[in-house]
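For reference, the structure is listed below as C-alpha cells.
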Amino acid sequence: MKMRGRREALGLSQAVLAERAGVSRQLVSAVESGRHEPGVGAAMSLARELGLSVEALFGPDEVAVPASPVTGSVVSPGPVRVGRVGDRHVVVAVPPLDQLEGLSPEGAWDGASVRFFEGARAAELVLVGCEPALGVLASMVEPAAAALWVKGSSMTAAVALAEGRAHVAVVHDTAGRLPAPGPGVSVFEVARWRVGVAFDRAAGSLGAVVAAGRPVAQREKGAATQAAFERWLRREHLARPRPIKVGGHVEACRLVAGRGAAAAVTAEPAALAAGLGFTELEEHVVHLWCRTELLSYRPVAAAMDVLVSAGFGHRLELMAGYDVSRCGTRVA
C-alpha cells in the first residue's frame, strides 16, 4: 500500500508514525496491510505526518492533487517540485537541465493539479528568498527532501508568506529600508553582506562596462539588489544599461563567468565565489520571516535549530563576503 512506501521513504517506523499521528501502531499496521480503512480523523492525521493529502495517500494511484504556484500566478505544465503549506499544495517548475544535474521533481503539473510520481512526497517546509544561504539551510534540515527552497526576490518572498504559500520568507535591504513584516510574524537575522555589481575583470571596471553600453544581468522589479543598482545609476547620472533578466544572485554570476553578460547585479558572496570583480553599492541586512504560530511546527522548528547551530554559521563563514556574527538573533 502507498502508506508503507511513504513511511519507509521518510525513514519512519510504524511506532514513530503512530506516535506522531496520535494513533496506535496496530492501526498503522492494519491500514498498511489493507485489513482496515482508517476513520476520517485518523486518515487526516496520517496524511499530515506523511506530507500528502488524504486523497493522494488513500485514493487511486493516479490521483491529481489541486495545487498552485509558490510564487507568481503561472507555472508551465511539466515536472515540478511540490511542497505542502497547511492543507495547500504548492509547486515550482523544474527546468530540464536542472533535472539532468540531479534535481528530482516530485510530480507532473498540468496547470491546475499535480500527479505525484511513485514514492514521491511533498516537502514539509517551503522557503522563499534569493539569499544563497537558504540552499545551505534547506540541505541541513533532516531529512533534506523535506525542505523546498524557491528562489525569489524579497517582495516575492514576502507575498508568498502573506498568501500562505510558504512557511519562511527571507528579505534583505539596508538597515533603514528593510520592509516591516505584517502582524504575527517573527523576524530573525540571517547575515549581512554587500550588494553591488559583479563584472568580468577583463572589462576593467563597472564604470567602463556601463559607459560602453554592454549588457548587464539584472533582477526583476521588487528585488532589493536591483533597487540598489538603480539608485546608483541615478546618483551617477547614468542611463540604465541593456538588461538580461535573471532570477537570482548565483545565476547572475554564472552568466558573467560564462561571458553571457559583462556584469551582473548581485551579492558579494556570489561574486567572490565566481572569481569576479565586484563594486560595492550598499550593505544589506538579511532577515528571515516566519509566522509566529508556525514556530512550533516541527519542520520550521528544525529549520530554526539549523539557523542557530554552529554548523550553519561555520559553513557560511567559509564563503567569503558573509557576516554571520548575529546569525539567529531574534529581531522581532
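Yes/no per residue for (1) within 30 Å of HIS167 (Cα to Cα); (2) in the same structural domain as VAL286 (by TED's automatic domain parsing); (3) free of Cβ contacts under 8 Å to residues at least 60 places away in the same chain:
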residue	(1), (2), (3)
VAL190	yes, yes, no
GLY196	yes, yes, no
PHE199	no, yes, no
ALA202	no, yes, yes
ALA208	no, yes, yes
ALA211	no, yes, yes
GLN218	yes, yes, yes
ALA223	yes, yes, no
ALA228	yes, yes, yes
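When the residues of the stretch 81-116 are narrowed to those that are touching a Ser or Thr at 6+ places or on another chain (Cβ under 9 Å) and in a loop (DSSP other than H, G, I, E, B), which ends up nearest to LEU148 (Cα to Cα)?
Per the criteria, the residue is VAL94.
What's the number of the condition LEU255 fails, among (1) more than 18 Å from GLU131 (Cβ to Cβ); (2) surrounded by fewer than 21 Cβ atoms within 10 Å (Cβ to Cβ); (3) under 22 Å from the mean Cα position of the chain (by Cα)?
All conditions are met except number (2).
Could you check the stretch 319-330 and list, in sequence order, the residues that are exposed (fewer than 15 other Cβ atoms within 10 Å of the Cβ) and within 21 Å of the chain's Cα centre (by Cα)?
THR329, ARG330
In the stretch 201-318, which helices (runs of 4 or more DSSP H) lie fully inside it and hold 1 or more residues that are under 30 Å from LEU125 (Cα atoms)?
224-236, 249-257, 268-273, 298-307, 310-317
Is it the case that some residue within the stretch 279-297 is touching a Ser or Thr at 6+ places or on another chain (Cβ under 9 Å), more than 18 Å from ALA138 (Cβ to Cβ) and modelled with pLDDT under 95?
yes
Take the stretch 1-26 and flag every residue that is closer than 22 Å to GLY59 by Cα and touching a residue at least 40 places away in the same chain (Cβ under 8 Å).
LYS2, MET3, GLY5, ARG6, ARG7, ALA9, LEU10 - these are the residues of the stretch 1-26 that are closer than 22 Å to GLY59 by Cα and touching a residue at least 40 places away in the same chain (Cβ under 8 Å).
Just the residues that are more than 21 Å from ASP98 (Cβ to Cβ) and touching a Gly at 6+ places or on another chain (Cβ under 6 Å), please, taken from the stretch 31-83.
Result: SER45, single match.
Quick one: which of VAL54, VAL31 is crowded, with 21+ Cβ neighbours inside 10 Å and out of contact with any Phe, Trp or Tyr (no Cβ under 8 Å at 6 or more places or on another chain)?
Working: VAL54 fails: crowded, with 21+ Cβ neighbours inside 10 Å.
Being crowded, with 21+ Cβ neighbours inside 10 Å and out of contact with any Phe, Trp or Tyr (no Cβ under 8 Å at 6 or more places or on another chain) holds for just one of VAL54, VAL31, which is VAL31.
Quick one: would you say GLY11 is under 20 Å from TYR297 (Cβ atoms) and surrounded by fewer than 14 Cβ atoms within 10 Å (Cβ to Cβ)? Show your work before the answer.
Numbers: under 20 Å from TYR297 (Cβ atoms): yes; surrounded by fewer than 14 Cβ atoms within 10 Å (Cβ to Cβ): yes.
Yes: the conditions hold for GLY11.
Per-residue answers, yes or no, for (1) aliphatic (A, V, I, L, M); (2) touching a His at 6+ places or on another chain (Cβ under 8 Å); (3) at negative phi; (4) not assigned by TED's automatic domain parsing to the domain that holds GLY51:
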{"position": "GLU251", "(1), (2), (3), (4)": "no, no, yes, yes"}
{"position": "VAL265", "(1), (2), (3), (4)": "yes, no, yes, yes"}
{"position": "GLU280", "(1), (2), (3), (4)": "no, no, yes, yes"}
{"position": "VAL285", "(1), (2), (3), (4)": "yes, yes, yes, yes"}
{"position": "LEU295", "(1), (2), (3), (4)": "yes, no, yes, yes"}
{"position": "ASP305", "(1), (2), (3), (4)": "no, no, yes, yes"}
{"position": "VAL308", "(1), (2), (3), (4)": "yes, no, yes, yes"}
{"position": "LEU318", "(1), (2), (3), (4)": "yes, no, yes, yes"}
{"position": "ARG330", "(1), (2), (3), (4)": "no, no, yes, yes"}
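May I ask you to verify whether GLY313 is more than 24 Å from ARG165 (Cα to Cα) and free of Cβ contacts under 8 Å to residues at least 60 places away in the same chain? So that I can check it myself, show each step before the final result.
Working: more than 24 Å from ARG165 (Cα to Cα): yes; free of Cβ contacts under 8 Å to residues at least 60 places away in the same chain: yes.
Taking the combined requirement at face value, the residue satisfies it.
Which one of the conditions (1) within 26 Å of ALA93 (Cα to Cα); (2) more than 25 Å from the chain's Cα centre (by Cα) does GLN226 fail to meet, given that it meets all the rest?
Of everything listed in (1) within 26 Å of ALA93 (Cα to Cα); (2) more than 25 Å from the chain's Cα centre (by Cα), GLN226 misses just condition (2).
Given the conditions (1) of a type in the set (S, T, N, Q); (2) touching a residue at least 12 places away in the same chain (Cβ under 8 Å); (3) within 23 Å of ARG291 (Cα to Cα), and given that SER73 satisfies all but one, which numbered condition is not satisfied?
So the condition that SER73 fails would be (2).
The values are calculated or read from the model by the stated rules, or taken from the named source; none is laboratory data. Since the structure is predicted, the reported quantities are computational estimates derived from the model, not experimental observations. Virtual Cβ from ideal backbone geometry, glycine too; neighbours counted across all protein chains shown.
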